[in-house]
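Read-outs: derived from the displayed coordinates by stated rules, not from any lab. Everything numeric in this text was worked out from a predicted model, so none of it was measured. Neighbour counts run over all protein chains shown; Cβ positions are idealised from the backbone, glycine included.
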Amino acid sequence: MPVHPIHHLTIGTDAFNVAKKFYGVLLPALGFDSVFERDESFGYQREGFELIVMKGKSPEEDLFDNQRRAGFDHLALNAESRAKVDECAQLLDDLGADIDDTPAVVSEYGEDYYAMWARDPSGLRIEIVYQGP
């Protein structure tokens with residue numbers, strides 16, 4: 001297995017069971033394999049990078065107002081094609097996830113940057129991106 005420069009990312013969710021469904025549909029579609037499941041956490045891995053989701057407490061208020069802040073802004077996950085970005089958007093829409101931005105070329109990042117953004121069950125922004133022809 002290749003050594004990825006980032007070992008893992010752990011995120012907390014205040015909607016654990018819904019997050020299991022959300023990530024359980026999205027991550028395998030992007031080539032991640034389930035590596036563990038416990039009462040209060042689960043993990044997926046792809047090419048040496050592990051994404052861990054664990055139960056967390058609810059934030060007192062939703063601070064997202066489309067402004068940049070210190071701390072977690074969003075997680076961007078690579079897709080293998082534009083069609084895979086579209087597929088993930090449909091899978092998340094079918095789950096009832098909040099879609100912030102539907103799949104489209106993001107010309108400010110280049111004409112080869114095709115992405116969509118959604119919210120996980122705790123409101124964390126997730127970007128699915130394909131950059132290429």
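Descriptive notes on the structure:
- Across the stretch 79-98, no residue has a backbone nitrogen under 11 Å from the label position 7 Å along the beta-carbon direction of ASP14.
- With both residues required to sit in the chain, DSSP beta bridges show an antiparallel share near 65%.
- Only helical runs count toward this figure. For the chain, summing -39,500 (n - 2.57) over DSSP H runs of n ≥ 4 and dividing by all residues gives -7000 deg cm²/dmol at 222 nm.
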